[in-house]
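The values are calculated or read from the model by the stated rules, or taken from the named source; none is laboratory data. These numbers come from a predicted model, not from an experiment. Every residue, glycine as well, gets a Cβ built from its backbone with ideal geometry; the counts of neighbours run over all protein chains shown. These accessible areas exclude ligands, DNA and RNA; they are computed on the full protein's heavy atoms, side chains included. Shrake-Rupley method; radii C 1.70, N 1.55, O 1.52, S 1.80 Å.
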Amino acid sequence: MISPAVVLLLGWMLVPLSLTIYFSFLRYNLITPGANPFVGWENYYWFLTDPSFKAAMANTFMLVGGVLLITVAGGILFALLLDQPMWGQGIVRIMAIAPFFVMPTVSGLVWKNMFMNPVNGIFGHIAYGLGVQPIDFFSQIPLLSIILIVSWQWLPFATLILLTALQSLDQEQLEAAEMDGAGSMSRFIYIMLPHLARAITVVILIQTIFLLSIFAEILVTTNGGPGVSTTNLTYLIYVSSLLQFDVGIGSAGGVIAIILANIVAFFLMRMIGKNLDA
Amino acid sequence: MGHIRLTGVKKCFGDVMVIPPLDLEIEDGEFVVFVGPSGCGKSTLLRLIAGLEDVTEGVVEIDGIEATSLPPAKRRLAMVFQSYALYPHMSVRKNIAFPMKMARIPQDEQERRITDAARVLNLTDYLDRRPGQLSGGQRQRVAIGRAIVREPSAFLFDEPLSNLDAALRVGMRLEISELHKRLATTMVYVTHDQVEAMTMADQIVVLHAGRIEQVGSPLELYREPSNLFVAGFIGSPKMNLIAGPVAAKYNAHTIGIRPEHIDVSANSGLWSGTIGVSEHLGSDTFFRVNIHGLDEPLTVRTDGEIGLRYGDTIHLTPNPDHLHRFDAQAARLA
Amino acid sequence: MARSVTTARKTANTIVAGALGLLMFFPVLWIIILSFKTEGDAIKAPLEILFNTGWTTESYGTVQARSNYFKHFSNSLIISLGSTFLGILIAVPAAWAMAFVPAKRTKDVLMWMLSTKMLPPVGVLVPIYLIFRDLGLLDTRTGLVFVLMMINLPIIVWMLYTYFREIPGEILEAARMDGASLREEVIYVLLPMAIPGMASTVLLNIILAWNEAFWTLNLTAAKAAPLTAFIASYSSPEGLFYAKLSAASVMAIAPILIMGWFSQKQLVRGLTFGAVK
């Protein structure tokens, strides 16, 4: 009964994966038809020595790191806040979580036009009202702009998971700490934070997996530019393979992306595995 | 009818033998309690009778018919589970009706039996509720209701009271006992609580590490425990067990004396010691007494108003008629 | 025991949290407002838009008239529903077997399935693209249904597995003791208890498939493009388009926002693979 699912997933994984590896050793461009000779590590050489690769790696790192920083810090604050007694908690939570359900192309375009456009966007209008020069987000701080958009999308995810973890914290533990003379700051550092550590790790790992593959937000806002200043690894591979039709180099990039993601996945799977036993 | 016989029944989980071959006979209409510490195999034994576990070796007979490989549904037994195992998506009425529906009993007969069961179990007002809306005690009664409407040849109870609070447990204990008196159907009841066993059972089966240590009526087990394990397990507070030179004087490896069978005197007695912790229950007082020359303190019962206190010297004399003697293999000496 | 707090404290919490919640929600709120404005009004200053412009639904009409919006909407619907139900069909037997007849290798198989979810899509973009081109699946709904079914299958199997495992074994034993045959046990006890979990799984996966924006953008052109790809076409606009973009966006996210609010809990369960409880 397991077999249909296993066979399908196995096929889905093995066939494209082995093709990617195979293509990565061929000189193979869709615009120059003919033989596709075996060229060894040449594609890897070109991909890795391309200056855009270095830039793309740096951008990927900044994008993932920046978004993680904002969402984890913001998520902890939000979760702590939402865990407090208040009126209309359900409504507040719904509002805070909504961005996660907005499709990536919509959030990219809405932020680009309605908010970050220097002339017609809200930020532009605010700058104008204050009498300062508006920021042209996508020319002046393109990568940071994308980090902000993606953070808006993923902050709800971090909040929701950290809130779930926070609510599983035994209230008596906090009261015991209070009886032991711990102030609210000490209670946060010594009781809450250790309790949240596991959830924070999970948020970081899962978000990293997804953030390494950020694509639509870049496609609809900057197309990777100006220059390559917002090109991440995923976008670079997309450009090589589907815009420059270089299957060989695109595949070599694909293999590198897989290796990168696997490093993160290794740690994530270990955590999932441990919990599956319990 | 409700006669159950196990012959040479053995159960292994993989390489681990949880129940070495054992024989057991349960007479029709008896209330039999399997009692023992957790992990002693009492629940497994019940599940073997129910058919929820397969017997590794041996024969299970129910009402004279071999049932060893019959599926649970065909054994005409009803079971009440520790978690009650009510169907959460069905109303109380549907829960109780479920076994009758499975047995294809006519609708009007179903109605009649549900009404009867609800009346007996005080569930009439709750028939249209879901299990989730009931208290623990009510859920327990629904589970019992679901069992009685089938009119089974025997009831199996798997620690049914362990999820209830102490006060409710005493009440349900009485209700189940009354139910047994009224229905006169065989009941097999598993518990780790020796008080439940003593108060409810006609026959107690004491299990330890998968073995039957002793079978007998509550008073038989109390008066003549056949080995050290039963002696220590049955009775509350526990029997005092003394090994070493003191026991040797009685030609035994170990002697046992219950707290209620020791005479207490302020002036003279066989053993002397000082009073440690005392527990005043009003009707009785229990002292922990540190006896000179013994490693372990003894527990003794005296009447409630005795004027002795912590640190006082006290003299104890065991009642020789109630002294239990055991050999080095822990078996009772005649 | 939860302790009572002062009303002042509670009010302060409400104000701060409400303000932050509103801030997060504001972009969504803003496009809802803009979608009911004329193009000319939609680019005015925010305060002016709020207090000094009229309301209109004309943008909704224009979006449909100019670009056949409902074709893309129905593409989204078919692709997300199709991939989800196909996935459920394949996942139910697998999850069922794993939960109720676990074997030694069950855990490893489950872990392996989850690990396929961590394969970056861009790593297999080229071969999938070429295979689809050769099979004529590019820009078809069939192709996308298949791809999205595959990428969500691990999550579906995982979620169903956890829901099935929550059905207590004693209840199934009780049904057996009550005289139910295997068939009756499945129909009367197992299925009714499994349905809520299956519904949650369906809900979350429709959301994930609806919002998927890597494969839908790379494997479609005009014909099979779902809303993700259709909205992306607004990235190279001519003239005024804020109100139209807003209207198109509101229609694209509204159904999912509503479903999403119902599935907050499942989100945690489905996307963390049980690593957070």
Open item on the list: Restricting to the range C:1-42, name every residue that is open to solvent by 20 Å² or more (accessible area, probe 1.4 Å) and hydroxyl-bearing (Ser, Thr, Tyr).
Closed with: C:Ser4, C:Thr6, C:Thr7, C:Thr11, C:Thr14, C:Thr38
Open item on the list: Out of everything in the range A:107-124 that is open to solvent by 40 Å² or more (accessible area, probe 1.4 Å) and in a helix (DSSP H, G or I), what residue ends up being nearest to the other protein chains (Cβ to nearest Cβ)?
Closed with: A:Lys112
Task: Hits in the range A:20-33 - residues which are more than 26 Å from the chain's Cα centre (by Cα), within 25 Å of C:Leu144 (Cα to Cα) and among the hydrophobic types (A, V, I, L, M, F, W, C) - done: A:Phe23, A:Leu30
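Can we say B:Glu159 is within 13 Å of chain C (Cβ to nearest Cβ), within 18 Å of B:Pro99 (Cα to Cα), of a type in the set (Asp, Glu) and open to solvent by 10 Å² or more (accessible area, probe 1.4 Å)?
Working: within 13 Å of chain C (Cβ to nearest Cβ): yes; within 18 Å of B:Pro99 (Cα to Cα): no; of a type in the set (Asp, Glu): yes; open to solvent by 10 Å² or more (accessible area, probe 1.4 Å): yes.
It is false that B:Glu159 is within 13 Å of chain C (Cβ to nearest Cβ), within 18 Å of B:Pro99 (Cα to Cα), of a type in the set (Asp, Glu) and open to solvent by 10 Å² or more (accessible area, probe 1.4 Å).
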- [ ] For the range A:239-259, name all the residues that are more than 7 Å from chain C (Cβ to nearest Cβ) and either crowded, with 24+ Cβ neighbours inside 10 Å or more than 22 Å from the chain's Cα centre (by Cα) (or both).
- [x] A:Ser240, A:Leu243, A:Gln244, A:Phe245, A:Asp246, A:Gly248, A:Ile249, A:Ala252, A:Gly253
Task: Candidates A:Asn262, A:Asn223 - the one that is within 9 Å of chain C (Cβ to nearest Cβ), out of contact with any strand residue (DSSP E or B) (no Cβ under 9 Å at 6 or more places or on another chain), over 30 Å from A:Lys112 (Cβ atoms) and of a type outside the set (Val, Ile, Thr) - done: A:Asn262
Task: Boolean, B:Ser91 is surrounded by 16 or more Cβ atoms within 10 Å (Cβ to Cβ) and in contact with a Lys or Arg (Cβ under 7 Å, 6 or more places away or on another chain) - done: yes
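Going by the structure shown, is A:Leu63 more than 7 Å from chain C (Cβ to nearest Cβ), without any contact (Cβ under 8 Å) to a residue 60 or more places away in the chain and part of a helix (DSSP H, G or I)?
On the way: more than 7 Å from chain C (Cβ to nearest Cβ): yes; without any contact (Cβ under 8 Å) to a residue 60 or more places away in the chain: no; part of a helix (DSSP H, G or I): yes.
In short, no.
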- [ ] Return the residue satisfying two criteria in turn: it lies in the range B:253-291 and is of a type in the set (Val, Ile, Thr) and open to solvent by 40 Å² or more (accessible area, probe 1.4 Å), and of such residues it is farthest from B:Phe229 (Cα to Cα).
- [x] B:Thr274
TODO: Could you tell me which numbered condition A:Gly11 fails, if it satisfies all but one of (1) small (Gly, Ala, Ser); (2) within 13 Å of chain C (Cβ to nearest Cβ); (3) under 19 Å from A:Phe245 (Cβ atoms)?
DONE: (3)
Open item on the list: Residues to consider are C:Ala174, C:Ala194; find the one that is closer than 23 Å to B:Phe157 by Cα and without any contact (Cβ under 8 Å) to a residue 60 or more places away in the chain.
Closed with: C:Ala174
Open item on the list: Checking the structure you have, find out if any residue of the range B:213-226 is in contact with a Ser or Thr (Cβ under 9 Å, 6 or more places away or on another chain), at pLDDT below 90 and either outside any strand (DSSP E or B) or open to solvent by 20 Å² or more (accessible area, probe 1.4 Å) (or both).
Closed with: no
Task: Count of the range B:274-293 residues which are under 32 Å from the mean Cα position of the chain (by Cα), modelled with pLDDT under 85 and under 24 Å from B:Ile255 (Cα atoms) - done: 0
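For the range A:209-244, which residues satisfy the criterion of being assigned to a loop (DSSP other than H, G, I, E, B) and under 12 Å from C:Gly123 (Cα atoms)?
Just the residues of the range A:209-244 that are assigned to a loop (DSSP other than H, G, I, E, B), to begin with: A:212-215, A:222-232, A:244.
Scanning the range A:209-244 gives A:Leu212, A:Ser213.
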Task: Residue that is without any contact (Cβ under 8 Å) to a residue 60 or more places away in the chain, in contact with a helix residue (DSSP H, G or I) (Cβ under 8 Å, 6 or more places away or on another chain) and surrounded by fewer than 24 Cβ atoms within 10 Å (Cβ to Cβ), where the choices are A:Ile200, A:Ile204, A:Ile209, A:Ile189 - done: A:Ile209
Open item on the list: If a residue counts only when it is surrounded by fewer than 23 Cβ atoms within 10 Å (Cβ to Cβ) and touching a helix residue (DSSP H, G or I) at 6+ places or on another chain (Cβ under 9 Å), which helices (runs of 4 or more DSSP H) contained entirely in the range C:176-277 have at least 2 such residues?
Closed with: C:191-211, C:215-219, C:242-262, C:264-272
Open item on the list: Among the residues of the range A:80-106, what is the count of those that are part of a helix (DSSP H, G or I), more than 7 Å from chain C (Cβ to nearest Cβ) and over 21 Å from C:Met259 (Cα atoms)?
Closed with: 1
Open item on the list: When you scan the range B:229-248, do you find a residue that is touching a helix residue (DSSP H, G or I) at 6+ places or on another chain (Cβ under 9 Å), more than 30 Å from B:Val9 (Cα to Cα) and assigned to a helix (DSSP H, G or I), even just one?
Closed with: no
Task: Pair list, Cβ < 6 Å and 6+ apart or interchain, from the range A:10-24 residues that are closer than 16 Å to C:Met113 by Cα to residues that are surrounded by fewer than 21 Cβ atoms within 10 Å (Cβ to Cβ) - done: A:Met13/C:Thr116
